[in-house]
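Asks: Got a structure for you, written out below as structure tokens; questions coming shortly.
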């Protein structure tokens with residue numbers, strides 16, 4: 001992981017910190033989406049899970065408009081690596097956000113507008129556009145909308161020069177270069193500088209780094225243990241093939257009798 005003092009807006013930890021400020025998130029959403037938004041509440045690094053048996057999702061920045069407004073929900077994701085499954089991830093996020101918004105026994109017509117925004121450095125669609133905006137339409141008559149009120153937008157910030165809207169271009173340029181001129185972007189960068197010098201935020205980052213290191217070491221240990229186990233099985237198979245007794249294999253390979261019997265059955 002990077003040193004804390006080197007973090008920029010393009011590091012997920014810093015991005016989530018900065019955009020956890022409701023004013024920053026709201027201004028960004030209004031500027032990018034060209035809509036008026038009532039006061040929103042923001043949760044950074046929110047985790048949604050339907051139940052313990054289904055995959056949970058961790059959202060970078062989840063925002064929701066108050067009941068006094070339209071009750072719309074927003075998810076802002078910074079995705080620095082093309083994992084080749086972002087469109088399907090957006091689909092899953094949509095479902096989880098709907099589950100989070102719709103309480104038990106509530107009618108479907110209570111679902112509000114939902115916006116899922118991905119900020120990416122590279123063009124994951126390889127079509128040369130700086131901004132991709134998706135909503136469901138009738139295939140043979142694109143003017144007919146499904147009307148599910150869900151919008152999925154992908155902003156390719158390395159292509160900021162090609163963005164026609166000036167305000168959107170300013171945001172995209174900042175993500176691409178960390179350079180800024182306007183007051184709105186200067187305000188975002190001020191939060192980056194503020195968090196770089198915030199000992200509480202730094203401690204949270206260091207704690208995260210320690211947790212990731214522990215997970216990494218556990219993963220290595222598990223992998224080594226699995227490798228050792230696979231090697232033992234391979235040796236036991238060869239010994240069985242040579243006609244050695246189960247007792248000899250158990251003693252020499254340090255493998256259980258039940259495992260040897262299982263291998264013997266597989267080889268018959």
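The values are calculated or read from the model by the stated rules, or taken from the named source; none is laboratory data. None of these values were measured; they are calculated from a predicted model. With ideal geometry, Cβ positions are generated from the backbone for all residues, glycine too; neighbour counts draw on all protein chains shown.
Asks: I'd like to verify a number: residues in segment 1-34 that are in a loop (DSSP other than H, G, I, E, B) and out of contact with any strand residue (DSSP E or B) (no Cβ under 9 Å at 6 or more places or on another chain), how many?
Replies: As a first pass, look at segment 1-34 and keep what is in a loop (DSSP other than H, G, I, E, B): 1-3, 7-11, 20-21, 34.
Pick out the ones that are also out of contact with any strand residue (DSSP E or B) (no Cβ under 9 Å at 6 or more places or on another chain) and you get 1-3, 7-8, 34.
Qualifying residue count, segment 1-34: 6.
Asks: Determine the pairs where a residue that is under 19 Å from residue 230 (Cα atoms) and outside the structural domain of residue 229 (by TED's automatic domain parsing), located within segment 240-258, has a partner that is modelled with pLDDT of 80 or more and surrounded by 10 or more Cβ atoms within 10 Å (Cβ to Cβ) with Cβ atoms under 6 Å apart, the partner being 6 or more residues away or on another chain.
Replies: Close Cβ pairs (under 6 Å, with a partner that is modelled with pLDDT of 80 or more and surrounded by 10 or more Cβ atoms within 10 Å (Cβ to Cβ)) do not exist here.
Asks: For segment 86-166, which strands (runs of 3 or more DSSP E) that fit wholly inside it have 1 or more residues that are over 23 Å from residue 25 (Cβ atoms) and modelled with pLDDT under 95? Spell out the reasoning first.
Replies: Values: elements: 114-120, 131-134, 150-156.
Strands (runs of 3 or more DSSP E) meeting the threshold: none at all.
Asks: Look at residue 182 and say whether it is touching a helix residue (DSSP H, G or I) at 6+ places or on another chain (Cβ under 9 Å), farther than 24 Å from residue 86 by Cα and surrounded by fewer than 17 Cβ atoms within 10 Å (Cβ to Cβ). Working first, answer last.
Replies: Working: touching a helix residue (DSSP H, G or I) at 6+ places or on another chain (Cβ under 9 Å): yes; farther than 24 Å from residue 86 by Cα: yes; surrounded by fewer than 17 Cβ atoms within 10 Å (Cβ to Cβ): yes.
It is true that residue 182 is touching a helix residue (DSSP H, G or I) at 6+ places or on another chain (Cβ under 9 Å), farther than 24 Å from residue 86 by Cα and surrounded by fewer than 17 Cβ atoms within 10 Å (Cβ to Cβ).
Asks: Here is a follow-up. Which residues, taken from segment 143-179, are touching a helix residue (DSSP H, G or I) at 6+ places or on another chain (Cβ under 6 Å) and free of Cβ contacts under 8 Å to residues at least 40 places away in the same chain?
Replies: Within segment 143-179, 157, 158, 160, 163, 169, 170, 173 qualify.
Asks: When the residues of segment 39-63 are narrowed to those that are out of contact with any helix residue (DSSP H, G or I) (no Cβ under 6 Å at 6 or more places or on another chain) and outside any strand (DSSP E or B), which ends up modelled with the highest pLDDT? Full working, then the answer.
Replies: Step one: of segment 39-63, the residues out of contact with any helix residue (DSSP H, G or I) (no Cβ under 6 Å at 6 or more places or on another chain) are 39, 41, 43, 46-47, 49, 51-56, 58-59, 62.
Among the residues that remain, those that are also outside any strand (DSSP E or B) are: 39, 49, 51-56.
Numbers: 39: 89, 49: 60, 51: 55, 52: 56, 53: 54, 54: 61, 55: 67, 56: 69.
Looking at residues that are out of contact with any helix residue (DSSP H, G or I) (no Cβ under 6 Å at 6 or more places or on another chain) and outside any strand (DSSP E or B), I get 39.
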